[in-house]
Each structure stands twice: as C-alpha cells, then as structure tokens.
Amino acid sequence: MPEAWIGFNSRDRQRLWWRTCILASALVGVIVTMSLTTHEPGKWWWVGGMGAFSVVVLLSTINVIYGQVLLTTKGLEFRTFVSRRVVPWSEVARIEERQRVSRSGTWSELRVIRAHGRSLTLPGTLTNRVMDAELQRKQAVIQERWSLAIGG
C-alpha cells in the first residue's frame, strides 16, 4: 500500500493565507492605533499583550495551513509546524467529521477518535464549505487505508 498525504492543496493554502493577512493587518492596525493614541503610562502592557497575541495567532494559523498527515501501513503520522506524532492504526476507533459553529460560519474538520486517549484533529481538513467534495475525498482515503491496515 503506497503512502498518501492528507493536507491542504495550494489553492486552499492561498485562501487561508489571505484570511491570515487580513487578520494580521487588523491586529497590527489596532496595536499601532493603541500605541499612538493612548497616553496612559500602562499602555505598553496592552501593546505588548496585543503583540504577543498576534504572534500566537500567526503561529497557530501557520500550524493549521502547513500541517499534514502521512498515511502509512503503520498508522497516521501527524506532521505540523510545532510537533510530530504517530498514531498506530490499532489505536484508531473511528474517523469522523466534526462541525463547529462560529460567527464566521460553520466549520468542518476530520477527527481521529482513538480507542484510548484524546481524539485528534487531522491537519489539512478544516473547511467552511458546505458538502465539501475535497473533505469527503480525504475521509474516504483515510477510511480505505485504515480498513486495509487492520485487515477489514
């Protein structure tokens, strides 16, 4: 069984980068406005806090955009910006699509439900499209590899 990658394609990465740039620009605008218009002695705490928050948001977004999962005969190899992890196929109980609702819409993602331990979100599967064919394709590939690996 050949290995397969699950992650965002270049079009989706570009779309997510545009959103990130808009958010980062807004945060920078808030920081600059706060630093120029506030004359209180404690303003630098707020500016520093907003700067630190901006860095966390940027790193989290990079992690989401470039995170991938390699499907091997042994299991799922999670490869993200901040970590590497292997989950053997024997630990996988099921693969499911989860949805969460926010102000910006309904977001869907695939999660690995493990027999023991917490469930894990699969990088490269986050989408806000309704009935996303790409997400369905990714789920079908993972289900097929899982079935072949456990002999089912």
Single match in Arg84, Arg111, Arg137 (criterion: in contact with a Ser or Thr (Cβ under 6 Å, 6 or more places away or on another chain) and either among the hydrophobic types (A, V, I, L, M, F, W, C) or at pLDDT 90 or above (or both)): Arg111
Elements of type strands (runs of 3 or more DSSP E) contained in region 62-148, each with 2 or more residues being open to solvent by 40 Å² or more (accessible area, probe 1.4 Å) and β-branched (Val, Ile, Thr): none
Any hit, region 119-133, residues being over 24 Å from Ser10 (Cα atoms) and at pLDDT 90 or above: yes
Contacts under 9 angstrom Cβ, first residue in region 6-34 being within 14 Å of Leu126 (Cα to Cα), partner open to solvent by 70 Å² or more (accessible area, probe 1.4 Å), 6 or more apart: Gly7/Tyr66; Gly7/Arg79; Phe8/Tyr66; Arg13/Tyr66
Selection status of Ile95, in contact (Cβ under 8 Å) with a residue 40 or more places away in the chain and either under 21 Å from Arg13 (Cα atoms) or under 15 Å from the mean Cα position of the chain (by Cα) (or both): no
The lone exception for Ser60 - which of (1) farther than 18 Å from Glu109 by Cα; (2) out of contact with any Gly (no Cβ under 9 Å at 6 or more places or on another chain); (3) among the polar types (S, T, N, Q) it fails: (1)
Any hit, region 38-47, residues being at pLDDT 85 or above and either under 13 Å from Leu122 (Cα atoms) or not basic (Lys, Arg) (or both): no
Of the criteria (1) surrounded by fewer than 14 Cβ atoms within 10 Å (Cβ to Cβ); (2) not in a helix (DSSP H, G or I), which one Ser25 fails: (2)
Close pairs from region 138-152: first more than 17 Å from Ala115 (Cα to Cα), partner open to solvent by 40 Å² or more (accessible area, probe 1.4 Å) and of a type outside the set (A, V, I, L, M), Cβ under 7 Å, at least 6 apart: Gln139/Glu97
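The values are calculated or read from the model by the stated rules, or taken from the named source; none is laboratory data. All figures in this text were calculated on a predicted structure; none of them were measured in a lab. Here Cβ is always computed from backbone atoms with ideal geometry, including for glycine, and neighbour counts include all displayed protein chains. Just so you know, the surface numbers come from the protein's heavy atoms only, side chains and all, with ligands and any DNA or RNA stripped out. Shrake-Rupley method; radii C 1.70, N 1.55, O 1.52, S 1.80 Å.
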